[in-house]
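Data first, discussion second: the structure below is written as C-alpha cells.
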Amino acid sequence: MAEGNGEIKMEEKQSKEEMEYVERTEDFNKLMQYGLDEKVAAKLDEIYKTGKLAHVDLDERALDALKEFPVDGALNVLTQFLESNLEHVSNKSAYLCGVMKTYRQKSRAGQGTGTSTTPKAPDEDKIKMILERTGYPLDVTTGQRKYGGPPPNWEGPTPGTGCEVFCGKIPKDMYEDELIPLFEKCGKIWDLRLMMDPMSGSNRGYAFITFTNREAAQQAVRELNDYEIRKGKKIGVTVSYNNHRLFVGNIPKNRDRDDLFEEFTKHAPGLTEVIIYSSPDDKKKNRGFCFLEYESHKAASLAKRRLSTGRIKVWGCDIIVDWADPQEEPDEQTMSKVRVLYVRNLTQDCSEEKLKESFEQYGKIERVKKIKDYAFIHFEDRDNAVRAMNELNGKEMGGSHIEVSLAKPPSDKKKKEEMLRARERRMMQMLQGRGGGSPSHPSMMGGPMPVRGPAQGPRGTGAGMRGQMGRGDYGWSWPWSSATWPNRWPASPWASQGGTQPRSFRGPWGPATGRSWGGPRQGKFTSR
C-alpha cells in the first residue's frame, strides 16, 4: 500500500516537473502574479502561443472573472474560447466574458457544458465576399453579429426614427450571407444586427436592420414583410423604434412633475422629461405612475437597470419600473394633411391674441388655443401653416425662443382613458403580487380605485402638467399600451417561437412587443 502511495506521489511530482519545463511566454509570470491558478495561467499561455489572443487583449474584468472561476470551469471556458471562430471578434476580452457567462447559465440550467449539438456555422467564404464588396466591418459578440455601422466614408447624418426595421421569424441557421443581399435591394444599409443565442450558438430568429433613410425602411416593409425567404419559411418585417421612455409605478400621488424630475435625476443621467396624468377624481393628484423620457435608448436602459434593483425607494415607496410601450407615430399620409401647428416654450405674457396676430400674417387662422406654455394654431390652409412653421420656428416671442412644429392628430379620448385605467390596474396587480399590495407611502393609501363602466363614459383627464400634451398632439397623448386594443391586430405569427423579446415594434401581423409590464424584455425594444 505504501509503495502504491509512493508511486502516485512520484507521478504527481513528475507531472509537475514536466509542467515546469514547458516553455512559457513572458506573460505567464504576469498571469501568476495577478493571482490566477497555475493550470488556468498555463492554459491561457497556450492560447497566447496560438496567436488567437494576446495578453494585452484581456482587461481586468476578464482576468478577475477567470480568477474567481472554479479551476475546472475556467479550463473548459478557455477550451471553448480557443475552439471559437474569432475572425470577426473585435473585443476578445468581452467575448471571453460572454463565454464565461454562458458557461454559468448552462451549468445552472443543468444542460452540461459540452457541445453535443453544433449549430450550422456561417458560410465564411460568402461573408468574406460581401465584406470585400461593401467594405463594411463585421463585429461578432456572444449576443449579436453586427454588420456595418456606419457605411465606409459616410458623410451624411446618422439615421433617425423610422430608419430601422425589425425582421422576425428568421431561420435559426441563417446568417448575413443570405440576409444582406436581400435587404440591400431596398436601400443602403447602415447596419444589420443579427441577435444570437449564446446558449445554443444559433441566431434568436430576429434581427434589426437600419437603413440610411426612412424611405428604404418603408420599402423593406412593403417588399419583405411576409416574404418567403426559404421554402415554407416566411419572415415578418416592420418598422422598429428605439424606446427612450420608462414607465414607473407606485409613486406618491401627491408629487408633481417638478418633484419627480428632481428625484429621478439623482439616480441616472439623461432624463429630459417627466410625464404625469392627473387623477380624474382629484386634479391635484397624479395617478400613481409616471413616464420618464430620456435622451437616448442607452440612457433609458441605464436608468432602468439602476431603478429596477429594488434598492431604490422614492419617498419610501418600492417603485415598479418597466419599458413604456412605444409611441405610435402617425404615418406620412396622415401628417401630410395636418394644418394645425404646435407651439411650445411660450411665456405667460404671450396671449392667444398675440399669437394670432403673429401667425395670421402667413394665412387665415380658424382658432388659437393656448394651454400653459404651449398652444395650437389652427390654419385654414396647410401650405400657410407650413410656411409659418418654417418662418417662426426658433424665433423670439415674448422673451422666449419658441418651437413650432406640425401637431399630431388626436387619439381617441375614450381609448386613452381606458389605457390609463389599465395601467392603474396593472400596477395594483403587480403590487399585490409582491406581497400584500400595500403601498409604503401614506399618499398611496386609500380605498379601491373606482372603475367606471362603459355606459358612464370616461372623465376628462386634464394632465395639470405639460406632460400630457407635450408631444404636440391636439390635446391627447397617443396610447402607450396595446393591452387596451385587444382586437387591433391578430396574433403575432412568431408568438410561439419564444426567446427574448426584441425592442419595440409594431406591424399588421402582430401586436406591439411592449410586453405586459413586469415581464422580461430584450430590448431592447429592451434592450436592448
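Annotations
- Cβ crowding within 10 Å averaged over residues, with 76-86, 138-148 ranked highest first: 138-148, 76-86
- The calculated P(r) of the range 124-239, using every Cα pair and 10 Å bins from 0, goes 14, 48, 34, 4, 0 in percent.
- Heavy-atom accessible area per residue - the range 245-323, 1.4 Å, Å²: 41
- For residue 126, the solvent-accessible surface with a 1.4 Å probe is about 110 Å², rounded to the nearest 10.
- Over 25 Å apart at the Cα level, from the set 126/234; 49/120; 30/67; 120/233, are 49/120.
- Carbon + sulfur, % of accessible area of the range 245-323 - ligands and nucleic acids excluded, 1.4 Å: 45
- Which listed pairs, of 284/313; 52/101; 39/304, have C-alpha distances above 28 Å, in listed order: 39/304
- Cβ-placed point charges (K, R +1; D, E -1), dipole of the range 245-323 about Cα centre in debye, nearest 20: 240
- Each Lys and Arg adds +1 at its Cβ and each Asp and Glu adds -1 at its Cβ; summed about the Cα centre, the range 215-278 shows a dipole of about 500 debye.
- Mean separation of Cα contacts under 8 Å (6+ apart) over length of the range 245-323, as relative contact order %: 43
- Ranking 226, 349 from most to least accessible surface, computed with a 1.4 Å probe over the protein chains only, gives 349, 226.
- Highest average packing first - 54-67, 367-380, Cβ atoms within 10 Å: 367-380, 54-67
- Accessible area of residue 255 in the full protein assembly, 1.4 Å probe (Å², nearest 10): 70
- Contact order, relative form, for the range 27-108: 31 percent (alpha carbon pairs under 8 Å, 6 or more residues apart, mean separation divided by residue count).
- Per residue solvent-accessible surface (Å²) - the range 124-239, probe of 1.4 Å: 45
- Dipole magnitude of the range 124-239 about its Cα centre (Cβ charges: Lys, Arg +1; Asp, Glu -1), debye to nearest 20: 340
The values are calculated or read from the model by the stated rules, or taken from the named source; none is laboratory data. The structure presented is a predicted model; accordingly, all values stated were derived computationally and were not measured. For neighbour counting, all protein chains shown are included, and Cβ atoms are generated from backbone atoms with ideal geometry for every residue, glycine included. Accessible surface areas use protein heavy atoms only, side chains included; no ligands, DNA or RNA. Shrake-Rupley method; radii C 1.70, N 1.55, O 1.52, S 1.80 Å.
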